[in-house]
(Lines give C-alpha, C1' and ligand atoms only; values in the text may rest on other atoms or scores of the structure.)
Protein backbone atom coordinates (compact mmCIF):
# COMPACT_ATOMS: atom_id res chain seq x y z
CA UNK A 1 0.00 0.00 0.00
CA UNK A 2 1.30 3.48 -0.83
CA UNK A 3 0.23 6.96 0.22
CA UNK A 4 0.46 9.02 3.37
CA UNK A 5 -1.64 8.03 6.35
CA UNK A 6 -2.81 10.15 9.27
CA UNK A 7 -3.85 9.30 12.78
CA UNK A 8 -7.58 8.95 13.42
CA UNK A 9 -8.02 12.65 14.27
CA UNK A 10 -6.03 13.83 11.24
CA UNK A 11 -3.54 15.72 13.42
CA UNK A 12 -0.49 13.56 12.61
CA UNK A 13 0.63 12.69 9.08
CA UNK A 14 2.95 9.71 8.99
CA UNK A 15 6.19 10.21 7.07
CA UNK A 16 6.36 6.75 5.55
CA UNK A 17 5.19 6.40 1.98
CA UNK A 18 4.77 2.67 2.45
CA UNK A 19 2.72 0.61 4.88
CA UNK A 20 3.55 -3.08 4.69
CA UNK A 21 0.87 -5.59 5.65
CA UNK A 22 2.38 -9.04 6.14
CA UNK A 23 -0.09 -11.91 6.03
CA UNK A 24 1.94 -14.35 8.12
CA UNK A 25 4.46 -14.44 10.92
CA UNK A 26 7.18 -15.59 8.53
CA UNK A 27 6.51 -12.65 6.22
CA UNK A 28 6.75 -10.30 9.17
CA UNK A 29 10.03 -11.81 10.36
CA UNK A 30 11.61 -11.49 6.93
CA UNK A 31 10.33 -7.94 6.53
CA UNK A 32 11.77 -6.82 9.87
CA UNK A 33 15.09 -8.54 9.30
CA UNK A 34 15.44 -6.80 5.92
CA UNK A 35 14.48 -3.34 7.24
CA UNK A 36 16.81 -0.53 8.24
CA UNK A 37 14.10 1.27 10.19
CA UNK A 38 10.63 -0.06 10.95
CA UNK A 39 7.75 0.76 13.30
CA UNK A 40 4.46 -0.97 14.02
CA UNK A 41 1.27 0.92 13.19
CA UNK A 42 -1.65 0.21 15.53
CA UNK A 43 -5.09 1.77 15.42
CA UNK A 44 -3.70 5.30 14.95
CA UNK A 45 -5.06 6.73 18.19
CA UNK A 46 -1.86 8.49 19.29
CA UNK A 47 -1.51 12.27 19.03
CA UNK A 48 2.25 12.45 18.53
CA UNK A 49 4.80 10.72 16.31
CA UNK A 50 5.52 7.76 18.62
CA UNK A 51 4.57 5.29 15.86
CA UNK A 52 6.13 7.26 13.01
CA UNK A 53 9.16 6.54 10.84
CA UNK A 54 10.32 7.87 7.48
CA UNK A 55 11.06 4.29 6.41
CA UNK A 56 8.71 1.31 6.82
CA UNK A 57 5.46 1.20 8.75
CA UNK A 58 4.02 -2.23 9.45
CA UNK A 59 0.36 -3.05 10.04
CA UNK A 60 -0.54 -6.46 11.47
CA UNK A 61 -4.19 -6.17 10.42
CA UNK A 62 -3.86 -8.94 7.82
CA UNK A 63 -2.04 -11.41 10.08
CA UNK A 64 -4.00 -14.57 10.96
CA UNK A 65 -6.57 -13.83 13.64
CA UNK A 66 -5.71 -15.05 17.13
CA UNK A 67 -8.14 -15.29 20.03
CA UNK A 68 -7.63 -18.27 22.34
CA UNK A 69 -9.27 -18.49 25.76
CA UNK A 70 -7.73 -20.76 28.39
CA UNK A 71 -10.42 -20.94 31.04
CA UNK A 72 -8.39 -23.13 33.38
CA UNK A 73 -5.51 -20.64 33.35
CA UNK A 74 -7.85 -17.61 33.44
CA UNK A 75 -6.12 -16.17 30.37
CA UNK A 76 -6.75 -15.17 26.78
CA UNK A 77 -4.14 -15.00 24.01
CA UNK A 78 -4.91 -12.33 21.42
CA UNK A 79 -3.36 -11.01 18.25
CA UNK A 80 -1.69 -7.64 18.68
CA UNK A 81 -3.94 -5.79 16.24
CA UNK A 82 -7.24 -6.85 17.81
CA UNK A 83 -9.17 -3.94 19.29
CA UNK A 84 -10.59 -3.95 22.78
CA UNK A 85 -14.16 -3.69 21.48
CA UNK A 86 -13.79 -7.06 19.77
CA UNK A 87 -11.84 -8.65 22.62
CA UNK A 88 -14.45 -7.51 25.14
CA UNK A 89 -17.40 -8.81 23.14
CA UNK A 90 -15.83 -12.22 22.56
CA UNK A 91 -14.72 -12.62 26.15
CA UNK A 92 -18.15 -11.74 27.47
CA UNK A 93 -19.80 -14.26 25.16
CA UNK A 94 -17.73 -16.94 26.91
CA UNK A 95 -18.42 -15.59 30.41
CA UNK A 96 -15.12 -13.77 30.91
CA UNK A 97 -13.94 -10.18 31.36
CA UNK A 98 -10.93 -7.90 31.67
CA UNK A 99 -10.32 -5.87 34.82
CA UNK A 100 -10.73 -2.54 33.06
CA UNK A 101 -11.00 -0.75 29.73
CA UNK A 102 -10.03 2.67 28.43
CA UNK A 103 -12.57 5.34 27.54
CA UNK A 104 -12.29 4.32 23.88
CA UNK A 105 -12.88 0.67 22.86
CA UNK A 106 -11.56 1.43 19.37
CA UNK A 107 -7.89 1.07 20.31
CA UNK A 108 -5.68 -1.91 19.55
CA UNK A 109 -4.45 -4.12 22.37
CA UNK A 110 -0.74 -3.92 21.52
CA UNK A 111 -0.69 -0.17 20.97
CA UNK A 112 -2.59 0.47 24.20
CA UNK A 113 -0.30 -1.77 26.21
CA UNK A 114 2.87 -0.28 24.72
CA UNK A 115 1.89 3.24 25.82
CA UNK A 116 0.44 2.36 29.27
CA UNK A 117 -3.10 3.32 28.32
CA UNK A 118 -5.55 3.14 31.23
CA UNK A 119 -9.09 3.44 32.46
CA UNK A 120 -10.14 4.66 35.89
CA UNK A 121 -10.67 3.31 39.39
CA UNK A 122 -8.75 3.46 42.64
CA UNK A 123 -8.13 -0.30 42.59
CA UNK A 124 -7.66 -0.60 38.82
CA UNK A 125 -4.19 -0.68 37.31
CA UNK A 126 -3.57 0.31 33.70
CA UNK A 127 -4.39 -2.05 30.84
CA UNK A 128 -0.80 -3.26 30.42
CA UNK A 129 -0.85 -4.88 33.85
CA UNK A 130 -3.19 -7.57 32.53
CA UNK A 131 -0.37 -8.84 30.27
CA UNK A 132 1.13 -12.10 31.54
CA UNK A 133 3.12 -12.96 28.40
CA UNK A 134 3.97 -11.55 24.98
CA UNK A 135 5.74 -12.52 21.78
CA UNK A 136 7.61 -10.03 19.61
CA UNK A 137 9.73 -10.00 16.49
CA UNK A 138 13.09 -8.38 17.15
CA UNK A 139 15.46 -6.63 14.75
CA UNK A 140 17.06 -9.81 13.35
CA UNK A 141 13.65 -11.34 12.69
CA UNK A 142 13.80 -13.55 15.77
CA UNK A 143 10.61 -14.41 17.65
CA UNK A 144 11.14 -13.68 21.35
CA UNK A 145 8.75 -14.82 24.10
CA UNK A 146 8.61 -13.17 27.52
CA UNK A 147 6.45 -13.75 30.58
CA UNK A 148 6.25 -12.57 34.18
CA UNK A 149 9.07 -14.92 35.21
CA UNK A 150 11.57 -13.13 32.93
CA UNK A 151 13.71 -10.37 34.44
CA UNK A 152 13.14 -8.20 31.34
CA UNK A 153 9.36 -8.47 31.50
CA UNK A 154 8.74 -5.33 33.54
CA UNK A 155 10.62 -3.28 30.96
CA UNK A 156 9.24 -4.98 27.86
CA UNK A 157 5.48 -4.68 28.40
CA UNK A 158 5.22 -0.89 28.17
CA UNK A 159 7.89 -1.02 25.48
CA UNK A 160 6.94 2.07 23.43
CA UNK A 161 7.59 0.02 20.29
CA UNK A 162 11.32 0.24 20.96
CA UNK A 163 12.16 -3.44 21.49
CA UNK A 164 10.41 -5.12 18.60
CA UNK A 165 7.04 -5.67 16.96
CA UNK A 166 4.65 -7.40 19.36
CA UNK A 167 2.59 -10.04 17.56
CA UNK A 168 0.47 -11.43 20.39
CA UNK A 169 -0.21 -10.98 24.09
CA UNK A 170 -1.64 -13.21 26.80
CA UNK A 171 -3.96 -11.36 29.18
CA UNK A 172 -5.40 -12.15 32.60
CA UNK A 173 -9.16 -12.61 32.57
CA UNK A 174 -11.84 -12.87 35.27
CA UNK A 175 -15.52 -13.82 35.43
CA UNK A 176 -17.83 -11.49 33.52
CA UNK A 177 -19.63 -8.83 35.51
CA UNK A 178 -22.29 -6.16 35.03
CA UNK A 179 -22.03 -2.46 35.75
CA UNK A 180 -24.35 0.53 35.92
CA UNK A 181 -23.29 3.97 34.73
CA UNK A 182 -24.54 7.21 36.27
CA UNK A 183 -23.74 10.80 35.37
CA UNK A 184 -23.91 13.63 37.92
CA UNK A 185 -23.57 17.36 37.31
CA UNK A 186 -22.31 20.40 39.20
CA UNK A 187 -19.68 19.18 41.67
CA UNK A 188 -17.79 22.13 43.23
CA UNK A 189 -14.05 21.75 42.74
CA UNK A 190 -13.55 22.62 46.41
CA UNK A 191 -15.46 19.46 47.37
CA UNK A 192 -12.33 17.52 46.42
CA UNK A 193 -10.28 19.35 49.04
CA UNK A 194 -11.89 17.30 51.80
CA UNK A 195 -13.50 14.45 49.84
CA UNK A 196 -10.96 13.47 47.17
CA UNK A 197 -10.65 9.89 48.41
CA UNK A 198 -14.40 9.57 48.95
CA UNK A 199 -15.27 10.81 45.46
CA UNK A 200 -12.79 8.62 43.58
CA UNK A 201 -13.15 5.62 45.88
CA UNK A 202 -16.92 5.52 45.81
CA UNK A 203 -17.35 3.24 42.79
CA UNK A 204 -15.59 0.73 40.55
CA UNK A 205 -14.63 3.53 38.16
CA UNK A 206 -15.04 7.30 38.52
CA UNK A 207 -14.24 10.02 35.96
CA UNK A 208 -14.59 13.76 36.44
CA UNK A 209 -15.09 16.09 33.47
CA UNK A 210 -14.52 19.84 33.59
CA UNK A 211 -14.17 22.62 31.04
CA UNK A 212 -12.00 24.60 33.52
CA UNK A 213 -14.30 27.54 32.84
CA UNK A 214 -14.96 27.92 36.55
CA UNK A 215 -14.27 26.30 39.93
CA UNK A 216 -16.51 23.31 39.30
CA UNK A 217 -16.61 19.80 37.90
CA UNK A 218 -19.19 19.78 35.12
CA UNK A 219 -19.87 16.02 35.09
CA UNK A 220 -19.04 13.00 37.26
CA UNK A 221 -19.26 9.63 35.49
CA UNK A 222 -19.72 6.79 37.96
CA UNK A 223 -19.49 3.13 36.94
CA UNK A 224 -20.64 0.86 39.74
CA UNK A 225 -21.75 -2.68 40.42
CA UNK A 226 -24.51 -1.39 42.71
CA UNK A 227 -27.74 0.55 42.19
CA UNK A 228 -27.43 4.19 43.24
CA UNK A 229 -31.00 5.18 42.30
CA UNK A 230 -31.38 8.99 42.31
CA UNK A 231 -28.86 9.81 45.04
CA UNK A 232 -26.64 12.87 44.79
CA UNK A 233 -22.88 12.41 44.47
CA UNK A 234 -21.20 14.72 47.00
CA UNK A 235 -23.67 17.54 46.16
CA UNK A 236 -23.59 16.82 42.41
CA UNK A 237 -27.06 16.05 41.07
CA UNK A 238 -28.07 13.16 38.77
CA UNK A 239 -28.28 14.16 35.11
CA UNK A 240 -31.83 14.10 33.74
CA UNK A 241 -30.76 12.39 30.52
CA UNK A 242 -27.76 10.95 28.66
CA UNK A 243 -24.73 13.22 28.43
CA UNK A 244 -21.66 13.55 26.19
CA UNK A 245 -18.50 14.68 28.01
CA UNK A 246 -17.91 17.48 25.51
CA UNK A 247 -20.54 20.23 25.89
CA UNK A 248 -22.90 20.63 22.96
CA UNK A 249 -22.33 17.19 21.41
CA UNK A 250 -25.13 14.65 21.04
CA UNK A 251 -24.84 11.80 23.57
CA UNK A 252 -25.67 9.11 20.98
CA UNK A 253 -22.01 7.95 20.68
CA UNK A 254 -21.76 7.45 24.46
CA UNK A 255 -22.31 4.24 26.37
CA UNK A 256 -25.57 3.62 28.22
CA UNK A 257 -26.17 5.81 31.27
CA UNK A 258 -29.03 6.45 33.74
CA UNK A 259 -28.14 3.38 35.79
CA UNK A 260 -29.26 0.80 33.21
CA UNK A 261 -27.31 -2.41 34.01
CA UNK A 262 -25.19 -3.92 31.29
CA UNK A 263 -22.08 -5.99 30.62
CA UNK A 264 -18.69 -4.62 31.66
CA UNK A 265 -17.44 -4.10 28.09
CA UNK A 266 -20.45 -1.89 27.27
CA UNK A 267 -20.13 0.28 30.41
CA UNK A 268 -16.42 0.74 31.16
CA UNK A 269 -15.71 2.72 27.96
CA UNK A 270 -17.30 6.14 27.59
CA UNK A 271 -17.93 5.65 23.87
CA UNK A 272 -19.57 3.00 21.72
CA UNK A 273 -17.29 1.28 19.15
CA UNK A 274 -19.63 1.92 16.21
CA UNK A 275 -19.28 5.72 16.55
CA UNK A 276 -16.38 8.12 16.07
CA UNK A 277 -14.83 8.40 19.54
CA UNK A 278 -14.74 11.61 21.57
CA UNK A 279 -15.33 14.68 19.37
CA UNK A 280 -13.10 13.49 16.51
CA UNK A 281 -11.70 16.93 15.71
CA UNK A 282 -9.21 17.43 18.51
CA UNK A 283 -5.76 17.22 20.05
CA UNK A 284 -5.07 15.42 23.33
CA UNK A 285 -2.61 15.58 26.24
CA UNK A 286 -2.48 13.84 29.60
CA UNK A 287 -0.34 14.15 32.72
CA UNK A 288 -0.03 11.79 35.68
CA UNK A 289 0.84 12.97 39.19
CA UNK A 290 1.19 10.94 42.39
CA UNK A 291 -2.24 10.57 43.91
CA UNK A 292 -1.06 12.21 47.14
CA UNK A 293 -0.56 15.42 45.13
CA UNK A 294 -3.96 15.19 43.43
CA UNK A 295 -5.68 18.10 45.12
CA UNK A 296 -2.62 20.35 44.81
CA UNK A 297 -2.29 19.53 41.11
CA UNK A 298 -5.97 20.30 40.50
CA UNK A 299 -5.59 23.63 42.24
CA UNK A 300 -2.49 24.37 40.13
CA UNK A 301 -4.49 23.87 36.94
CA UNK A 302 -7.39 25.88 38.34
CA UNK A 303 -4.96 28.77 38.89
CA UNK A 304 -4.28 28.95 35.13
CA UNK A 305 -7.77 28.07 33.90
CA UNK A 306 -8.05 31.40 32.08
CA UNK A 307 -5.26 30.16 29.78
CA UNK A 308 -6.49 26.55 29.56
CA UNK A 309 -10.21 27.03 28.94
CA UNK A 310 -10.03 29.02 25.65
CA UNK A 311 -8.31 26.14 23.78
CA UNK A 312 -10.00 23.29 25.63
CA UNK A 313 -12.96 21.10 24.69
CA UNK A 314 -13.02 19.08 27.92
CA UNK A 315 -10.72 17.75 30.62
CA UNK A 316 -11.05 14.35 32.32
CA UNK A 317 -9.67 13.47 35.74
CA UNK A 318 -9.16 9.83 36.77
CA UNK A 319 -7.27 7.70 39.28
CA UNK A 320 -5.06 4.68 38.50
CA UNK A 321 -3.47 2.15 40.85
CA UNK A 322 0.32 1.72 40.98
CA UNK A 323 2.14 -0.99 39.03
CA UNK A 324 5.66 -2.36 38.51
CA UNK A 325 6.10 -1.80 34.75
CA UNK A 326 9.21 0.33 34.26
CA UNK A 327 7.87 2.83 31.74
CA UNK A 328 4.31 2.93 33.00
CA UNK A 329 3.00 6.36 33.91
CA UNK A 330 1.81 4.75 37.17
CA UNK A 331 5.11 3.00 37.95
CA UNK A 332 5.35 2.51 41.73
CA UNK A 333 2.83 5.26 42.49
CA UNK A 334 -0.93 5.45 42.79
CA UNK A 335 -1.72 8.23 40.35
CA UNK A 336 -4.21 10.85 39.30
CA UNK A 337 -4.39 11.57 35.59
CA UNK A 338 -5.32 14.96 34.11
CA UNK A 339 -6.49 14.49 30.54
CA UNK A 340 -7.06 17.40 28.14
CA UNK A 341 -9.03 17.24 24.89
CA UNK A 342 -8.01 20.40 23.05
CA UNK A 343 -9.40 22.20 20.04
CA UNK A 344 -7.54 21.28 16.88
CA UNK A 345 -5.22 24.30 16.91
CA UNK A 346 -1.59 23.29 17.45
CA UNK A 347 -0.32 26.87 17.52
CA UNK A 348 -2.81 27.78 20.21
CA UNK A 349 -2.36 24.62 22.27
CA UNK A 350 1.44 24.29 22.43
CA UNK A 351 2.04 27.40 24.59
CA UNK A 352 -0.62 26.16 27.01
CA UNK A 353 1.12 22.77 27.22
CA UNK A 354 4.31 24.52 28.29
CA UNK A 355 2.42 26.44 30.96
CA UNK A 356 0.65 23.29 32.17
CA UNK A 357 3.89 21.33 32.39
CA UNK A 358 5.51 24.16 34.32
CA UNK A 359 2.56 24.26 36.76
CA UNK A 360 2.59 20.47 37.25
CA UNK A 361 6.38 20.04 37.40
CA UNK A 362 6.53 20.40 41.22
CA UNK A 363 4.38 17.27 41.43
CA UNK A 364 6.57 15.15 39.14
CA UNK A 365 4.03 14.96 36.33
CA UNK A 366 4.58 12.14 33.83
CA UNK A 367 3.12 12.73 30.34
CA UNK A 368 1.13 10.06 28.53
CA UNK A 369 3.41 8.50 25.90
CA UNK A 370 0.75 8.63 23.20
CA UNK A 371 -0.36 12.23 23.71
CA UNK A 372 1.09 15.67 23.05
CA UNK A 373 3.73 16.96 25.46
CA UNK A 374 6.88 19.07 25.36
CA UNK A 375 8.93 17.51 28.19
CA UNK A 376 12.51 16.64 27.18
CA UNK A 377 14.56 13.65 28.45
CA UNK A 378 16.23 15.67 31.19
CA UNK A 379 12.82 16.34 32.67
CA UNK A 380 11.88 12.65 32.68
CA UNK A 381 14.96 11.03 34.17
CA UNK A 382 14.02 11.75 37.79
CA UNK A 383 10.42 10.67 37.15
CA UNK A 384 11.27 7.19 35.82
CA UNK A 385 13.68 5.38 38.17
CA UNK A 386 14.18 2.57 35.63
CA UNK A 387 14.74 4.78 32.58
CA UNK A 388 18.43 3.85 32.24
CA UNK A 389 17.55 0.18 32.65
CA UNK A 390 14.97 0.55 29.89
CA UNK A 391 17.52 2.19 27.64
CA UNK A 392 19.89 -0.74 28.26
CA UNK A 393 17.05 -3.14 27.44
CA UNK A 394 16.46 -1.33 24.15
CA UNK A 395 20.15 -1.60 23.27
CA UNK A 396 20.08 -5.31 24.14
CA UNK A 397 17.11 -6.18 21.93
CA UNK A 398 17.74 -3.60 19.21
CA UNK A 399 21.48 -2.79 19.08
CA UNK A 400 21.25 -1.31 15.55
CA UNK A 401 18.35 0.99 16.38
CA UNK A 402 15.95 -0.62 13.92
CA UNK A 403 12.92 0.42 15.98
CA UNK A 404 14.13 3.81 17.21
CA UNK A 405 12.61 6.94 15.72
CA UNK A 406 12.58 10.70 16.11
CA UNK A 407 10.08 10.55 18.97
CA UNK A 408 12.21 8.21 21.09
CA UNK A 409 15.36 10.22 20.42
CA UNK A 410 13.71 13.56 21.08
CA UNK A 411 11.51 12.70 24.05
CA UNK A 412 13.23 9.81 25.79
CA UNK A 413 16.85 9.12 25.04
CA UNK A 414 18.20 12.48 23.95
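Below is a table of values for the structure above.
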item: So residue 143, is it modelled with pLDDT of 95 or more, more than 20 Å from the chain's Cα centre (by Cα) and in the same structural domain as residue 255 (by TED's automatic domain parsing); result: no
item: Test result for residue 88, within 26 Å of residue 372 (Cβ to Cβ), within 24 Å of the chain's Cα centre (by Cα) and assigned to a helix (DSSP H, G or I); result: no
item: Region 48-67, residues that are surrounded by fewer than 22 Cβ atoms within 10 Å (Cβ to Cβ), closer than 18 Å to residue 409 by Cα and in contact with a strand residue (DSSP E or B) (Cβ under 6 Å, 6 or more places away or on another chain); result: 56
item: Filter pass, residue 233 being at pLDDT 95 or above, in contact with a strand residue (DSSP E or B) (Cβ under 9 Å, 6 or more places away or on another chain), outside the structural domain of residue 120 (by TED's automatic domain parsing) and buried (at least 21 other Cβ atoms within 10 Å of the Cβ); result: no
item: Only one of 19, 32 that is part of a strand (DSSP E or B) and more than 18 Å from residue 82 (Cβ to Cβ); result: 19
item: Residue in region 395-409 that is in a loop (DSSP other than H, G, I, E, B), more than 22 Å from the chain's Cα centre (by Cα) and within 25 Å of residue 45 (Cβ to Cβ) present; result: yes
item: Residues being assigned by TED's automatic domain parsing to the domain that holds residue 96 and assigned to a helix (DSSP H, G or I) - total across region 163-210; result: 0
item: Per-region count, region 332-343, residues surrounded by fewer than 21 Cβ atoms within 10 Å (Cβ to Cβ) and either touching a helix residue (DSSP H, G or I) at 6+ places or on another chain (Cβ under 6 Å) or at pLDDT below 95 (or both); result: 2
item: Qualifying residue in region 123-133 (condition: assigned to a strand (DSSP E or B) and either without any contact (Cβ under 8 Å) to a residue 24 or more places away in the chain or more than 30 Å from residue 245 (Cβ to Cβ) (or both)); result: yes
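The values are calculated or read from the model by the stated rules, or taken from the named source; none is laboratory data. Remember, predicted model here, so these are calculated numbers, not experimental data. All Cβ positions, glycine included, derive from the backbone under ideal geometry; neighbour counts span all protein chains shown.
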